[in-house]
Amino acid sequence: ADGVSGLADRLEEKSFSKSCDGFNIRLPAQLSVFDDLIDRVLPELRRCGLLRENHPGTTLRSHLGLAGGGDQ
């Protein structure tokens with residue numbers, strides 16, 4: 001599969017077939033590419049369950065599920 005859904009499908013396949021805890025996505029400096037990532041790619045990654053819609057807290061510590069720290 002090509003396009004955005006194909007990219008999301010390939011990332012999903014890699015994340016479940018190997019030991020994977022995230023992805024680094026490199027983009028060219030063009031703003032239109034950034035807009036495409038936000039408007040097209042991220043929704044597909046959410047659909048596949050590879051990207052959360054919301055985080056459980058307001059701090060990085062709480063996002064990572066670590067105890068303590070509080071909201072400072």
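What follows is calculated from the coordinates using simple rules that are stated; it is not laboratory data. Please read all numbers here as calculations on a predicted model, not as lab measurements. Positions of Cβ are backbone-derived with ideal geometry, glycine not excepted, and every protein chain shown enters the neighbour counts.
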Close pairs from region 1-22: first closer than 9 Å to residue 44 by Cβ, partner loosely packed, with under 11 Cβ neighbours inside 10 Å, Cβ under 8 Å, at least 6 apart: 9/1
Here the residues within region 30-72 that are closer than 30 Å to residue 6 by Cα, exposed (fewer than 10 other Cβ atoms within 10 Å of the Cβ) and touching a helix residue (DSSP H, G or I) at 6+ places or on another chain (Cβ under 9 Å) are 53, 56
